[in-house]
Structure formats: structure tokens, C-alpha cells
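Worksheet: the structure to be examined is printed underneath.
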Amino acid sequence: MGRQDRIRQLGIALLSLACLGWGPSIHQLEQEKYRYIESVEAKARSHENSLGRNTDEPPASERYEKSVFVYLPYWSHNFSVPWHKITHLAYFSLEIDANGDITDSHGWASGFGASLVEAGHAAGVKVVLCVTLFSRPDIRTLLADPVKRANAIENMVGQVVDIGGDGINIDFEMVPGALEGESPTPKENFVTFIQELKTALNAEIPDNHLTIATPAVDWSGSYDFDELAEACEGLTIMGYDYHWSGSRSTGPIAPIDAGELWGSRDLRWTVEDYIQYGGSENKDKLILGLPFYGRDWPTEDFSLPGVPVGDPSTPILSACDDFWDGNKSWDEASQTPHMLYSDGDQARQRFCEDSDSMAAKFDLILDYELGGVMFWAVSYADADHQLWNELEERWLPQDDDPDDNDGANRPPVAHIDAE
């Protein structure tokens with residue numbers, strides 16, 4: 001057996017072990033990274049910018065038969081939103097604690113949230129508030145106490161109602177597994193919490209939208225997929241970080257198929273797992289999340305999978321577009337591009353998405369008849385990126401494809417420029 005084959009097998013074995021303890025998601029990592037960054041609304045106040053929209057363009061919700069759900073993180077100071085290509089936008093995030101009290105709304109409640117809702121509604125887009133809690137002990141405490149749950153629900157719903165928003169996206173990572181003898185379990189309490197939240201939203205917002213961010217792999221068996229799907233409008237599956245910042249080998253962030261190189265889990269496995277345990281009758285509530293970012297590792301050499309020798313960077317999709325410069329390679333199994341290159345004397349490996357890899361994943365969603373797609377995060381790709389055209393080509397019924405020859409159907413965008 002050659003050295004490259006030994007490294008390959010070792011990488012696969014290590015990846016399988018690492019996956020058993022997958023680390024925090026990109027949502028949690030970036031929230032911590034940008035915790036003290038000024039929120040977008042504070043930047044926006046000092047500039048004469050508006051959230052642009054084209055009210056003459058038919059909403060995506062009327063033209064598409066599937067959802068296009070995007071996250072807009074509060075730290076996104078320069079971004080554009082292709083309003084006519086999306087159906088739902090979640091502002092990330094409002095943070096709560098174990099008591100259900102709000103610890104930070106990151107600008108939602110101080111003006112920007114209302115402006116975002118106004119712009120979204122003008123484009124026929126539902127705007128929801130993402131609520132986060134990323135501590136397992138705090139999640140257990142909150143979910144187990146009816147009083148704390150009620151306090152959290154009152155606070156969350158109040159934040160949405162006050163500015164005319166459309167609903168909530170719950171992002172609790174990760175719901176803990178059950179302790180010995182624990183009853184009801186966190187899994188059961190989470191279903192109860194979502195049911196209670198939905199009841200409260202129904203009482204305040206007739207046409208509300210409730211979704212739940214769920215993991216690509218439920219390692220601890222803490223998410224009751226079918227019960228959660230029945231209790232809300234959709235599960236926004238975080239179909240990324242199959243290789244993450246703490247991985248012991250390099251690889252694609254969102255492989256369609258792992259093949260022989262990339263471990264034991266991939267998007268196809270995730271989708272089939274959700275259909276099996278969430279029920280085929282709920283496929284239209286499964287919203288598959290895809291990454292607008294990648295990883296760039298320093299590595300021992302150019303063998304695949306590579307062995308990292310340091311922490312990776314996390315380039316956004318727009319940066320990857322500029323970086324490839326025609327030098328990327330294509331992995332057929334995962335349907336993703338990558339690039340092996342040198343930075344001085346240091347070998348590096350970059351895995352990121354492009355319009356072709358996104359198109360393949362859009363086809364996967366169609367093949368499995370899922371409810372739509374989710375992106376983390378909308379601010380990481382340009383509003384005129386080719387991927388949006390790939391999406392529209394697939395999402396639009398063929399006989400409804402708009403004629404854009406005269407240039408009349410230009411994408412409406414929302415611009416915030418803090419520079």
C-alpha cells in the first residue's frame with residue numbers, strides 16, 4: 001500500500017471518529033467570532049441607504065413551487081439581497097438564555113428589523129426572526145421548565161409582533177440527549193416547546209411561519225423529526241460542515257456523495273435519514289441548507305484527504321469565485337470543486353462551492369421532492385451570482401419562465417454599504 005493510500009484510509013478513519021463529536025456549527029462559530037461586531041442596523045443608520053426592492057417583479061413565492069429560505073446575519077455590513085429569488089429571510093439572531101430572557105437582539109428591535117420587514121413585504125418575502133441558544137445545559141434547563149418556556153415564547157413572539165414580522169426560526173444547538181432516568185427527555189420537551197410556540201404565534205399572527213434549524217446528523221438522537229415537522233412549517237436542515245474547522249482531514253463542506261474519500265456521511269445520507277424518520281409525507285417541510293462559504297486548510301501535502309497542520313480559514317462564496325481563477329479541480333462523487341495550491345512553502349487545500357456544485361444540489365432537492373433550499377448566508381454571495389440563475393431555471397415551471405430579453409426583469413436587490 002502506497003503512502004497516499006495509507007493517508008487516505010487514515011483520513012477516512014479519523015473523519016469518522018471526528019464526526020462522532022462534530023463541533024459547533026458555522027452558525028455558532030460565527031456568532032461567537034462576530035459577537036462584538038457592530039450590528040448591521042448601526043452601520044446602516046449612518047448611511048443614506050435603503051433596502052431596495054422592485055414591487056413590479058412577481059414574488060418568488062408566487063413563481064416558485066418551493067421555498068428559498070436565507071439567513072441574514074447581523075454582522076453583514078455589505079450585502080445585497082435578491083428579493084425576487086427568495087421566499088423567506090431570517091434575521092440572525094436574537095439571543096436568549098436559560099430563563100427565556102433576551103440577552104441581545106442585535107439590532108432587530110432598534111429600527112433595522114422593521115425596515116427589513118417593510119422591504120421584505122414589499123417584495124412578497126416573509127421575514128422571520130432567528131432565535132438562538134447554543135448552550136446544551138441552558139437548552140436542557142429552558143426546555144424542562146414550563147415557566148421558562150412560557151417566558152421565552154412571550155419574549156420571542158413579542159419581538160416579532162411589535163414590528164410586524166412573520167414568524168420565528170428556532171436555532172437551538174444542540175438539543176442534548178437524555179440523562180439516565182430523565183423524563184420527560186429534552187427531545188420530548190423540545191417538541192412541546194415548539195407546539196407551545198406555534199400556538200402562541202397562531203394567536204398573534206394568523207399567517208405566521210415557524211421553522212427549526214436542525215443538524216445534518218442527529219448524533220445524540222435528540223430531534224424528533226416527524227413530530228417537529230408536524231408542529232411547524234419546516235425544518236431548515238444545516239446541510240453543511242461535513243468537514244468543519246476542527247476536522248482531522250480536509251474535504252468538501254457539503255458533499256452530495258462521500259464516495260471513497262470523504263467519510264461516512266453526506267447530503268444524500270442526511271436527506272434519506274430525514275425522510276426515513278421524518279416521514280415521506282413531510283418531505284415538503286424539509287428545507288435543505290447549503291453553504292455560501294468554504295474551508296481553506298494548511299496541509300502536510302497535496303494528498304486527498306489532506307491532513308491539516310493548522311486552523312483553516314473560512315472564505316465566503318464571493319471570495320472563492322475570485323480565488324479559483326480557472327485553477328479548480330472537480331470531485332465527481334461529492335459534486336464539488338477544490339483547489340490544491342502553495343502559499344509560499346505551505347501546501348494548502350481549498351474546498352468551496354460554485355454555481356455548478358450548487359446546481360447539482362438543487363437537482364438533489366428536486367430528485368427527493370423536498371420543500372426547498374436554505375442558504376447560510378445570503379450576504380456571502382452577490383445578488384447577481386450565477387447560482388441564482390441556476391436556481392430559478394430549476395424552480396420555475398418551464399412554461400412560466402419569464403422572458404428577460406428586454407432586460408425588464410432585472411433582479412431587485414437590497415443594498416447596505418458600510419464602507
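Of all residues in the range 226-263, those that are over 23 Å from Phe292 (Cα atoms) and open to solvent by 10 Å² or more (accessible area, probe 1.4 Å) total 6.
Can Lys198 be described as within 30 Å of His121 (Cα to Cα), under 25 Å from the mean Cα position of the chain (by Cα), at pLDDT 95 or above and of a type in the set (Lys, Arg)? Answer is yes for this residue. Does Ile194 count as assigned to a helix (DSSP H, G or I), of a type outside the set (Ser, Thr, Tyr) and either without any contact (Cβ under 8 Å) to a residue 40 or more places away in the chain or closer than 21 Å to Leu288 by Cβ (or both)? Yes; evaluated as a whole, the condition is true for this residue. Which residue is nearest to Trp395 (Cα to Cα), if the candidates are limited to the range 78-105 and must be assigned to a loop (DSSP other than H, G, I, E, B) and open to solvent by 10 Å² or more (accessible area, probe 1.4 Å)? Among them, the one singled out is Ser105. Residues that are under 18 Å from Val117 (Cα atoms), assigned to a helix (DSSP H, G or I) and open to solvent by 20 Å² or more (accessible area, probe 1.4 Å) were ranked within the range 45-68; the one that is modelled with the lowest pLDDT is Arg45. Please verify whether Glu180 is open to solvent by 20 Å² or more (accessible area, probe 1.4 Å) and part of a helix (DSSP H, G or I), treating the condition exactly as stated. Judged against the criteria, Glu180 is not a match. Of all residues assigned to the range 315-330, at least one qualifies as being open to solvent by 20 Å² or more (accessible area, probe 1.4 Å), aliphatic (A, V, I, L, M) and modelled with pLDDT of 95 or more.
Taking the listed residues Leu267, Leu288, the one that is at pLDDT 95 or above, farther than 25 Å from Leu304 by Cβ and among the hydrophobic types (A, V, I, L, M, F, W, C) is Leu288, with no other qualifying.
Residues checked against (1) touching a strand residue (DSSP E or B) at 6+ places or on another chain (Cβ under 6 Å); (2) part of a helix (DSSP H, G or I):
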residue: Asp138; (1), (2): no, yes
residue: Thr141; (1), (2): no, yes
residue: Arg149; (1), (2): no, yes
residue: Ala152; (1), (2): yes, yes
residue: Asn202; (1), (2): no, yes
residue: Leu210; (1), (2): yes, no
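When Phe225 is tested against (1) under 25 Å from Gln335 (Cα atoms); (2) under 18 Å from the mean Cα position of the chain (by Cα); (3) not aliphatic (A, V, I, L, M), only condition (1) is not met.
Being touching a Lys or Arg at 6+ places or on another chain (Cβ under 6 Å), closer than 20 Å to Pro215 by Cα and open to solvent by 10 Å² or more (accessible area, probe 1.4 Å) is the filter here; which residues of the range 108-167 pass it? Please lay out each step first, then the result.
The initial filter retains those residues of the range 108-167 that are touching a Lys or Arg at 6+ places or on another chain (Cβ under 6 Å), namely 119, 122-123, 142, 166.
Those still in the list that are closer than 20 Å to Pro215 by Cα too: 142.
Result: no residue meets the conditions.
Counting only strands (runs of 3 or more DSSP E) that sit wholly inside the range 296-369, those with at least 2 residues that are in contact with a Phe, Trp or Tyr (Cβ under 7 Å, 6 or more places away or on another chain) and more than 30 Å from Asp284 (Cβ to Cβ) are 336-343, 346-351.
The values are calculated or read from the model by the stated rules, or taken from the named source; none is laboratory data. Note that the structure is predicted; figures quoted are calculated from it, not measured. Every residue, glycine among them, receives a Cβ derived from its backbone with ideal geometry; neighbour counts consider all protein chains shown. Side chains are part of the model used for accessible areas, which takes the heavy atoms of the whole protein and leaves out ligands, DNA and RNA. Shrake-Rupley method; radii C 1.70, N 1.55, O 1.52, S 1.80 Å.
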